[in-house]
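What follows is calculated from the coordinates using simple rules that are stated; it is not laboratory data. Remember, predicted model here, so these are calculated numbers, not experimental data. Quick reminder, even Gly has a Cβ in these numbers, built from the backbone with ideal geometry, and neighbours come from all protein chains shown.
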Amino acid sequence: MTLANQRAGEGGMALLLVLASIIILALIVGGLWEASAPGWEESTMRRAEYQAGILAESGLVVAMHPEVERGDVALVHQFDANRGYEVKIASEGGRIPVNSLTDAAWRDATSELFVSWGLDAASASRATDSLADWIDEDEEALSNGAENAYYAGFDHPEYPPNEPFTSIEQMLLAAGMDVVAKAQPLWRDYFTIYSDGLVDLNAATWELVSAITGATYDSALNFVSVRAGDDGVEGTADDYLFEDVGEVQALLGITDTEWTEISGRVSLIEGVRRIESTGRIGEFEETRVILSREAGDEFTVLARFRY
Ligand SMILES: [Ca+2]
Ligand SMILES: [Ca+2]
């Protein structure tokens with residue numbers, strides 16, 4: 001088989017998948033439409049949202065097929081100008097495992113991240129210490145943190161629960177997180193409660209690479225641009241995945257001693273995969289997310305949610 005044939009074969013595979021998903025979609029939408037059309041006539045908006053959700057689900061089906069890898073053309077599909085789906089495949093390890101913040105080294109890295117967003121050191125530490133106090137089992141506040149005495153004063157005697165976060169949204173309740181959210185409206189994209197507990201340097205943003213490794217902003221930016229490959233876009237087929245620790249150290253300017261210190265918090269391997277599919281009907285969008293772990297042929301779904 002020539003390379004051209006092989007490519008044509010791959011393209012044919014992708015096309016088949018798209019066709020399969022269109023057929024599934026037509027059956028589902030058609031069936032549900034007939035079953036419930038009378039009740040929905042008054043609600044065009046809810047109908048559009050519902051259909052956008054179905055499109056998002058259809059994108060997930062395509063993305064979970066074992067033949068489909070990140071960068072595959074089948075992951076973006078427009079049925080017509082008004083309807084389509086787009087799937088992003090990433091590593092959940094590109095995020096800070098927030099329930100690790102009881103550890104001082106994780107708090108330092110998270111404070112560095114907040115500082116890269118423009119917070120001063122005191123505000124950064126207020127937020128990270130409060131996040132830690134939120135989950136640690138004691139009632140003794142860290143130097144910049146907040147325990148029950150603080151929240152009780154704001155009519156919230158039930159806080160903090162002294163248990164791990166069960167959703168990212170809860171983080172906003174911790175003292176000082178309002179300042180973080182104001183500085184970086186996309187802060188949620190930097191945290192996880194589902195990863196394998198390590199920051200995947202092949203997936204983290206440059207700010208996080210710098211925060212967790214101590215590399216300069218310039219080195220971290222350069223590192224991330226090498227990772228993006230020739231097309232300069234992350235998540236496409238030509239991405240460069242680092243496998244060699246020496247290469248990572250050289251690019252980030254990290255000594256062996258420094259690497260030993262951070263090695264318990266970083267990884268070059270994708271532990272948990274994040275598949276994020278957005279369906280669109282006109283101006284309505286619905287997103288479905290699946291977090292999964294793949295070991296050999298085994299595919300385990302860890303979490304599934306929508307927004
Ligand atoms: Ca506590
Ligand atoms: Ca505490």
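Protection proxy ranking for 217-224, 275-282, using the average of other Cβ atoms within 10 Å per residue and placing the highest first: 275-282, 217-224. Its DSSP H runs of at least 4 residues, each contributing -39,500 (n - 2.57), put the calculated 222 nm mean residue ellipticity of the chain at -13500 deg cm²/dmol, to the nearest 500. Extending 7 Å from the Cα toward the beta-carbon at both residue 189 and residue 222 defines two label points whose distance is 2.5 nm. Placing unit charges on the Cβ atoms of the charged side chains and taking the dipole of the chain about its Cα centre, the candidate lying farthest along the positive direction among 145, 64, 122 is 64.
May I ask you to compute the full-extension gain from residue 304 to residue 150, defined as 0.36 nm times their residue separation minus their alpha-carbon distance, rounded to one decimal in nm? Don't skip to the end; give the middle numbers.
On the way: separation 154, 0.36 × 154 = 55.44 nm, distance 3.42 nm.
Fully extending the segment from residue 304 to residue 150 adds 52.0 nm.
Ordering of 249-256, 56-63 by packing is 56-63, 249-256, highest average first (other Cβ atoms within 10 Å, averaged per residue).
Do any GluC sites (Glu not before Pro) in the range 131-187 lie in a loop, going by DSSP, with at most 14 other beta-carbon atoms within 10 Å of their beta carbon, and if so which? All intermediate terms of the calculation are to be shown ahead of the outcome.
Working: sites: 137, 139, 140, 147, 158, 169; in loops: 137, 139, 140, 147, 158.
The qualifying sites are 137, 139, 140, 158.
Could you pull out the GluC sites (Glu not before Pro) across the range 191-249 that fall in loop regions by DSSP (anything but H, G, I, E, B) with no more than 13 other Cβ atoms inside 10 Å? Don't jump to the answer; show the numbers that get you there.
On the way: sites: 207, 234, 243, 247; in loops: 234, 243.
For GluC sites (Glu not before Pro) across the range 191-249 that sit outside H, G, I, E and B with at most 13 neighbouring Cβ atoms in 10 Å, the list reads 243.
Here the average projected area of the convex hull drawn through the C-alpha atoms of the range 74-114 stands at 4.8 nm².
DSSP assigns beta bridges within the chain; of those with both partners inside it, close to 90 percent run antiparallel. Taken about its Cα centre, the chain carries a charge dipole of roughly 1040 debye when the Cβ of each Lys and Arg holds +1 and the Cβ of each Asp and Glu holds -1.
Would you compute the Debye intensity of the chain from its alpha-carbon atoms alone, equal scatterers and no solvent, and pass along log10 I(q)/I(0) at q = 0.06, 0.13 Å⁻¹ to two decimals? Debye curve over Cα of the chain, log10 I(q)/I(0) at q = 0.06, 0.13 Å⁻¹: -0.26, -1.04. Averaged over residues, the count of other Cβ atoms within 10 Å places the peptides 179-192, 111-124, 70-83, 87-100 in the sequence 87-100, 111-124, 179-192, 70-83, highest first.
How much of the DSSP beta bridge set in the range 208-307 is antiparallel, as a percent to the nearest 5? Write down the numbers at each step before the final one.
Values: 17 of 17 bridges.
Antiparallel bridges make up about 100 percent of those DSSP assigns within the range 208-307.
Spin-label model, residue 233 to residue 262: label points 7 Å out along the Cα-to-beta-carbon direction sit 2.9 nm apart.
Extent of the range 103-185 along its three principal axes (Cα atoms, max minus min coordinate, largest first): 33, 24, 23 Å.
The modelled label-to-label distance between residue 295 and residue 79, using points 7 Å beyond Cα along the C-beta direction, is 3.8 nm.
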